[in-house]
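Chemist: Structure incoming, see below.
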């Protein structure tokens, strides 16, 4: 596949560390093959009847170079012009570079995932979770590569994030912002 992330020993070591963390936390983390894709629309067409709620994940940065990893329902539209007011960012946010995704989370574009927080040793990235995801039975994320999908219950996701030394922001994107 042209968009698949090539396997290398570093990727395999990182994945082994990720799944060891799941075991330590008592998280089953069912993982299934998932065709490589670059967009949500491609992913929808390729996944078939896979169980669970699918997410979109974006790394954004504010005017003070603070980074936020957003995880929200794949069909939600996020208003980047007002996002800073919801997440406590300084000024409007913009997309972080592919270099920052690699540097902070050690994943490549196309495989962005909150599971990459395991690699954020400096805790440079603030995780932001869409409150609407918290009622799902299963949330699906790439396990550091874009050719698989790992299912987690929202409480398992929170447990994982906390184990990475992070406190996620749970944001209700459905509540109107004050004028």
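Each reported figure results from applying straightforward, stated rules to the coordinates on display, with no laboratory input. Since the structure is predicted, the reported quantities are computational estimates derived from the model, not experimental observations. Cβ placement follows ideal geometry from the backbone for every residue including glycine, while neighbour counts extend to all protein chains displayed.
Chemist: As an exercise, use a Förster radius of 45 Å and the Cβ-Cβ distance of residue 49 and residue 90 to find the FRET efficiency, rounded to the nearest 0.05.
Modeler: With a Förster radius of 45 Å, E is 0.55.
Chemist: Same structure, new question: Would you mind checking the tilt of helix 9-25 against the longest principal axis of the Cα atoms of the chain, expressed as 0 to 90 degrees and rounded to 10?
Modeler: 80 degrees
Chemist: Of all DSSP beta bridges in the chain, what percent run antiparallel (nearest 5)?
Modeler: The antiparallel fraction comes to roughly 60 percent.
Chemist: Additional query: Taking the C-alpha atoms of the chain, how large are the radius of gyration and the largest Cα-Cα span, Dmax, in Å?
Modeler: Final numbers for Rg and Dmax: 15.5, 51 Å.
Chemist: Moving to a separate point now. Checking a compactness column here: for the range 76-179, what do you get for Rg(Cα) / (2.2 N^0.38 Å), N being the number of residues?
Modeler: Here the Cα radius of gyration is 1.09 times the empirical estimate.
Chemist: Residues of the range 35-51 with amide nitrogen under 19 Å from the 7 Å Cα-to-Cβ point of residue 98?
Modeler: 36-43
Chemist: So what's the Cα pair-distance distribution over the range 24-115, bin width 10 Å, in %?
Modeler: 14, 41, 32, 13, 0
Chemist: Between 0 and 90 degrees, rounded to the nearest ten: what's the tilt of helix 154-163 against the longest Cα principal axis of the chain?
Modeler: With both axes taken from Cα atoms, the answer is about 90 degrees.
Chemist: A further question on this structure: Note the full-extension length gain between residue 25 and residue 175 as 0.36 nm times their separation in residues minus their Cα-Cα distance, in nm to one decimal.
Modeler: 50.7 nm
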